[in-house]
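So the structure is just underneath, and the comments pick up after that.
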Amino acid sequence: MIFEKKYENGLRLVVKQMQGLMSVTMGILVGTGASSETNEEDGISHFIEHMQFKGTKKRNAFEVSDAFDRLGAQVNAFTGKDLTCYYSKCTADHTAECFEILSDLFLNSTYPEEEMIREKGVVCEEISMNEDTPEDLCLDLLANAFYGKENYGRNILGTVKNVKGFTVENIIRYKKARYCPKNIVISFAGAIDGVTAQALVESYFGTLETGAFEKREPNILFAKKSLVKQKPIEQMHIALAYPSIPRGHELEDNVGVVNGILGGSMSSRLFQEVREKRGLAYSVYSYVSAYAECGNQIIYAGVNPTEKQSAYDAICEVIRDIKQNGVTQEEFLRSREQIKSGMFFSNESTNAQMLLYGKYMLYFNKIFDFEERLNKINAMSFESVKESIAFMFDETQKAVALIGNTDKPL
């Protein structure tokens, strides 16, 4: 059973009641992230996400964590390119208490100076950790190569210089512009009904002022570059990006099927050709990243430095074969079943359902329709998937990133 409520101030609530469960996942989703930032703000969405946990008007940082732990609840948050999400999972009998704590940290954070200083150190260490995680670093570099240095090309963590310079005034200014009711969705999934969820939301968010929401539409300029970053590490990390469709496009499932065939599973062409047949990589995969205005098809592989060109050529060969010769009926059916099973599997997870229904409401302002989506996937034809390949893998729009002990791009 699905429940929704849209308030006059723009706040939206969506509830996915799941029978037979004993837990609830609750999330507060804000439609902002790295792509919404200016150069001066670079990294502030992520820094705010950290600081929200560092003390409120009624709890200090330890008491926030301790309050969740006393309930046996899980709590976390994440920042993306266009989304920040605060969420918690608890047993059904602690739903009201858990939502009060989550609401408190979201609405009443005070940003104590001593916590600001400490957390700047924490985030700078996270930036250093990212620098020591070459797979993540390669994908960050790829975003820069594809989109440029701004908007969707930004690193979510920001720069050490910016993080060290953030002030309470910077946080309040950004939150005033972006943390507004019309840019917020509250989502519940699990052992909870709409009436209960509505009462909880109105108890804590009922007096939330409309605010002066600052809509920021990214000015997207595709860089289409080949970038390399030298690091003294054992492997070479290769990533490629091609233009793809935006979020919610009518062909999103067709593109998803092609991606599954390309590198979405152990039976995919990339896995079989690059890893199983040629032994050139341990990790090789692909995925589609979609935003409101655009999207991209991404391919990644970690390879031996002596085989970097062979691996890159093998990847390009697989892509070229799909582009020129298409896919088989068997591959189509297999990949389509994988998409369907993924939907069914996520339907059994309160975390996945909270995020699915919350994001769908945030991005499209309506309830996700499981049956409609499933019917659309079932109705997808082999011919339509073959036709979708025609606009994929445009070599003139490709971006490439390489991380490893070399200064020479592919």
Residues located in region 372-401, provided they are in contact with a strand residue (DSSP E or B) (Cβ under 7 Å, 6 or more places away or on another chain) and either within 10 Å of Asp253 (Cβ to Cβ) or open to solvent by less than 30 Å² (accessible area, probe 1.4 Å) (or both): Met392, Phe393, Ala399, Val400, Ala401
Answer from Ala77, Ala189 - the residue that is in contact with a Ser or Thr (Cβ under 6 Å, 6 or more places away or on another chain), touching a residue at least 12 places away in the same chain (Cβ under 8 Å) and of a type outside the set (Phe, Trp, Tyr): Ala189
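Here's the yes/no breakdown for (1) at pLDDT below 95; (2) part of a strand (DSSP E or B):
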| site | (1), (2) |
| --- | --- |
| Glu8 | yes, no |
| Val24 | no, yes |
| Leu29 | no, yes |
| Thr32 | no, no |
| Asp82 | no, no |
| Cys90 | no, yes |
| Ser103 | no, no |
Sole residue being part of a loop (DSSP other than H, G, I, E, B) and either of a type outside the set (A, V, I, L, M, F, W, C) or touching a residue at least 40 places away in the same chain (Cβ under 8 Å) (or both), chosen from Asn130, Asn144, Asn39: Asn39
Considering residues of region 42-53 that are out of contact with any strand residue (DSSP E or B) (no Cβ under 7 Å at 6 or more places or on another chain) and touching a residue at least 60 places away in the same chain (Cβ under 8 Å) only, the residue farthest from Val201 (Cα to Cα): Asp42
Residues of region 57-74 satisfying the condition of being surrounded by fewer than 21 Cβ atoms within 10 Å (Cβ to Cβ), in contact with a strand residue (DSSP E or B) (Cβ under 7 Å, 6 or more places away or on another chain) and not in a loop (DSSP other than H, G, I, E, B): Gln74
Qualifying position, being part of a helix (DSSP H, G or I), farther than 15 Å from Met354 by Cβ and open to solvent by 40 Å² or more (accessible area, probe 1.4 Å), among Ala177, Ala212, Ala199: Ala199
Hey, Gly194 on the phi > 0 side of the Ramachandran plot and modelled with pLDDT of 95 or more or not: no
Residues satisfying the stated conditions in region 82-140, i.e. under 23 Å from Thr159 (Cβ atoms), open to solvent by less than 50 Å² (accessible area, probe 1.4 Å) and of a type in the set (D, E, K, R): Asp82, Glu115, Glu119, Lys120, Asp140
Tabulated pairs, region 269-283, first at positive phi, second among the hydrophobic types (A, V, I, L, M, F, W, C) and surrounded by 14 or more Cβ atoms within 10 Å (Cβ to Cβ), C-beta under 6 angstrom, 6+ apart or interchain: none
Those residues of region 42-55 which are outside any helix (DSSP H, G or I) and acidic (Asp, Glu), in sequence order: Asp42
Residue within region 7-23 that is aliphatic (A, V, I, L, M), in contact with a Lys or Arg (Cβ under 6 Å, 6 or more places away or on another chain) and buried (at least 22 other Cβ atoms within 10 Å of the Cβ) present: yes
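The values are calculated or read from the model by the stated rules, or taken from the named source; none is laboratory data. Remember, predicted model here, so these are calculated numbers, not experimental data. Heads up, the Cβs are rebuilt from the backbone with ideal geometry, glycines too, and the neighbour counts pull from every protein chain shown. Protein only, heavy atoms only, side chains kept; ligands, DNA and RNA dropped before computing areas. Shrake-Rupley method; radii C 1.70, N 1.55, O 1.52, S 1.80 Å.
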